[in-house]
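Chemist: Before we start, here is the structure in question, set down as structure tokens.
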Amino acid sequence: MWWIFEFIRRFFFVIFRESTQIVDPRAEIQEKDLMIRKLENENLSYRETLINFQKDCEYYKKLFHNERKENMLLNSKLSAYAQKINLLEKKNMELKDEASKYQLALGNTTNFRFNDDDQNNIMRLKSDIDDLQNMIEDYVTSLKNGVEINFENVNKLLQRYGSQTKISPHTQDRRLIKAVLQHHVLKEILSYSDMCHENLCMGTYALESNIIRKADELIELIRRFSDERIGTDDVTRVASIKLRQQVYVMLGHRGYANVCEKKYKNKHLFLSMFQNDLNNSMNKLRVLTEPKKRSTVEGMAEKLIQEVIRIFKFRFKVQEPIIEIQWMNYGTKIIEECVEKHHENFKDALVDVCSFPLIGKNLSNHAKRKILALAKVVPIYTN
């Protein structure tokens with residue numbers, strides 16, 4: 001019987017358990033309805049968002065289309081501007097080239113320096129001054145073999161140039177004699193130039209003097225024009241300097257050269273006149289007893305005169321500022337940095353004879369002074 005009770009117990013237990021698990025279908029239906037409404041709301045929201053996106057898309061499509069049209073227009077304008085820029089750059093290059101030519105021309109107009117290979121370059125000029133000194137020394141000679149010295153005339157010459165020193169055959173000082181003779185040669189030749197400039201040479205031989213006179217007049221007029229007329233251009237400011245340079249460059253090349261006349265080259269009258277004067281003057285001071293040596297030395301006079309005039313009277317005036325010369329006078333204190341010292345000590349020494357002057361620019365201005373050639377002196381020692 002017990003199994004019947006057990007069966008009945010289990011049957012009712014199962015029925016009870018299943019009955020407790022049954023859910024009210026209305027609650028589930030309500031839940032599903034809520035979910036459906038929620039999804040419908042979300043769907044509606046998504047539809048609205050999609051519509052907005054579509055509107056935005058249409059707007060941006062139109063905007064893109066407009067921007068594209070504007071971009072194409074700008075590209076077209078850019079291409080046109082690029083062509084204009086290319087034309088302007090080409091024109092600019094042409095103008096720059098033209099300006100460079102004008103600037104170069106202006107630079108040449110306002111530049112006072114000379115190329116390295118030009119004879120008026122300062123270093124070339126310095127070298128030519130050194131060569132001229134050697135030429136003067138060769139013309140005076142060493143006063144040794146085959147040379148007789150006229151001591152009376154040499155003493156007069158020393159006195160003429162300020163020296164109070166006297167020499168004699170017994171106390172002769174060849175160094176002093178050579179110095180005063182070299183001094184004399186240079187000053188004599190320079191005096192010839194001054195005489196020629198005062199119209200001693202006539203006709204075709206007066207060309208140099210006439211050129212100098214006319215050029216000096218024009219240079220002075222241009223200088224006045226620059227000072228007395230208002231303006232800012234550089235050409236006018238430097239015109240007088242450039243004119244002076246060009247005139248004296250020309251004279252430095254051809255001044256007192258041989259004269260071309262009917263296809264024949266004739267010696268310039270200036271050289272013919274003063275070559276003999278210089279030789280005669282020197283023969284009164286030192287006599288060359290050997291005919292061959294005398295002929296050689298006297299033959300040097302023509303070239304020597306020409307070179308002295310070209311350098312001292314012409315090429316010095318080519319430089320800017322003009323080259324100056326300064327003779328050291330008798331009895332003045334020797335400025336050691338301005339004279340050739342060799343191995344001498346010039347302390348407490350005074351000048352006896354200056355055989356060659358100090359040559360340079362701005363000689364009176366110690367700060368700006370530029371020396372081309374040191375002076376050559378024979379000293380007197382005070383102690």
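Chemist: Mind giving me the nanometre distance, one decimal, between the label points for F64 and N153, set 7 Å out from Cα along Cα→Cβ?
Modeler: Taking the simple label geometry, F64 and N153 are separated by 11.5 nm.
Chemist: Whole-Hz ³J(HN,Hα) for each residue in the range 313-319, computed from phi via Karplus 6.51 cos²θ - 1.76 cosθ + 1.60 with θ = phi - 60°, x for glycine and proline: what do you get?
Modeler: 9, 10, 5, 5, 7, 6, 6
Chemist: List the residues, sorted by chain then number, that are 5 or more residues from K284 or on another chain and whose placed amide H is less than 5 Å from its amide H.
Modeler: Hits under the 5 Å cutoff: none.
Chemist: Which of the peptides 123-129, 70-76, 144-150 is most tightly packed, and how do the rest follow, judged by the mean count of other Cβ atoms within 10 Å per residue?
Modeler: Values: 123-129: 16.1, 70-76: 10.6, 144-150: 12.9.
So the order, starting with the most tightly packed, is 123-129, 144-150, 70-76.
Chemist: While we're here: Mind ordering 130-142, 296-308, 178-190, 79-91 by average Cβ neighbours within 10 Å, highest first? Spell out each step's value before the answer.
Modeler: On the way: 130-142: 16.2, 296-308: 18.2, 178-190: 21.0, 79-91: 10.5.
In decreasing order of mean packing, 130-142, 296-308, 178-190, 79-91 become 178-190, 296-308, 130-142, 79-91.
Chemist: Any idea how far apart N115 and L95 come out in nm if each label point goes 7 Å out from Cα toward Cβ?
Modeler: It is 3.2 nm.
Chemist: How large is the convex hull of the Cα atoms of the range 221-351 per residue, expressed in Å³ as a whole number?
Modeler: Numbers: hull volume 29.3 nm³, N = 131.
Measuring per residue, one finds 223 Å³ for the Cα hull of the range 221-351.
Chemist: Can I ask one more? List the residues whose amide H sits under 5 Å from the amide H of M328, counting only those 5 or more places along or on another chain, with H placed 1.01 Å from N in the peptide plane.
Modeler: L358
Chemist: I would also like to ask the following. Would you kindly work out the equivalent ellipsoid of the range 323-383 from its C-alpha gyration tensor and give its semi-axes, the square roots of five times the eigenvalues, largest first in whole Å?
Modeler: Values: eigenvalues 82, 24, 21 Å².
In descending order the semi-axes read 20, 11, 10 Å.
Chemist: Let me ask something else. Can you list the residues, at least 5 places off or on another chain, whose amide H is less than 5 Å from the amide H of V339, using H built in the peptide plane?
Modeler: A375
Chemist: Quick one: Karplus J couplings for the range 78-83, per residue in order, coefficients 6.51, -1.76, 1.60, θ = phi - 60°, nearest Hz, x for Gly and Pro?
Modeler: With the stated coefficients, the range 78-83 comes to 4, 4, 5, 5, 4, 5 Hz.
Chemist: Sticking with this structure for a sec: Residue by residue, what Karplus-based ³J(HN,Hα) values in Hz, rounded to whole numbers, does the range 332-342 have, using 6.51, -1.76 and 1.60 with θ = phi - 60° and x for Gly and Pro?
Modeler: 3J(HN,Hα) across the range 332-342, in whole Hz: 7, 5, 6, 8, 4, 6, 10, 10, 6, 9, 6.
Chemist: When a footprinting reagent is the concern and you count Cβ atoms within 10 Å, what order do I230, I322, I36 take, fewest first? List each step's numbers first, then the result.
Modeler: On the way: I230 4, I322 13, I36 10.
Sorted ascending by nearby Cβ count, the order is I230, I36, I322.
We did not get these values from a lab; they are worked out from the coordinates using the rules stated. Computed from a predicted model, the values in this text were never measured in an experiment. Neighbour counts run over all protein chains shown; Cβ positions are idealised from the backbone, glycine included.
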